[in-house]
Structure formats: C-alpha cells, structure tokens
Amino acid sequence: MENLINELVQKVGLSPEVAQKATTVVLEFVQKNLPESVKDKAGDLLNGKFDFSSLLSGLTGGSDEKGGNDDSGLVDKLKGMFGN
C-alpha cells in the first residue's frame, strides 16, 4: 500500500496523511464489494503481493452441472461494484 500512497502524494499532491486515509477508504470499498472468495486478495494486491493464479482460483471456485467452472455471477458482481 505504501507504493499507492507515494503515488497519490507525488502525482495528486495529497499529504501523506490524506493519501493514507484515501487508500484505506478505497481498500475498504473494494473489499466490501468483492465476492467473499477474493476479499483477502485486495489487500495483497495493494501491497504488491499479487498472485494471479490464486486470484483466479478464488474467482472460479465452484462447478456447474456439466463439471465446468461456475463463475456465472462473477461478472455481474464485478460490474455492480462500481454502480453499473
């Protein structure tokens, strides 16, 4: 998260304190709106610990009647995250 805070300070001109608060608000928003299976990944992403394969396995967890991945509601959940 430190990298994001530094970017906000340098590129937007926020004070470090305001940048920290903004980052916390964004992280809380994202975590609140993500599917349960990937909520813990949001903090890792902001901290530079991004594990793409782990994220994908969390997103496609279930299986449908035909034995395939059941990710039917995932796109709707992600679209709804930003009010779309």
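The values are calculated or read from the model by the stated rules, or taken from the named source; none is laboratory data. Just so you know, these numbers come straight off a predicted model, no measurement behind them. Quick reminder, even Gly has a Cβ in these numbers, built from the backbone with ideal geometry, and neighbours come from all protein chains shown.
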(message) Given the criterion at pLDDT 60 or above, polar (S, T, N, Q), out of contact with any Phe, Trp or Tyr (no Cβ under 9 Å at 6 or more places or on another chain) and loosely packed, with under 12 Cβ neighbours inside 10 Å, identify the matching residue among SER57, SER63, SER72, SER53.
(response) SER53
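Out of the residues in the range 1-18 meeting the condition of being of a type in the set (A, V, I, L, M, F, W, C) and either touching a strand residue (DSSP E or B) at 6+ places or on another chain (Cβ under 6 Å) or closer than 17 Å to GLY48 by Cα (or both), tell me which one is modelled with the lowest pLDDT.
Of the range 1-18, the ones of a type in the set (A, V, I, L, M, F, W, C) are 1, 4-5, 8-9, 12, 14, 18.
Filter once more, so that each one left must be either touching a strand residue (DSSP E or B) at 6+ places or on another chain (Cβ under 6 Å) or closer than 17 Å to GLY48 by Cα (or both): 1, 4-5, 8.
On the way: MET1: 81, LEU4: 89, ILE5: 93, LEU8: 95.
Across the range 1-18, the extreme among qualifying residues is MET1.
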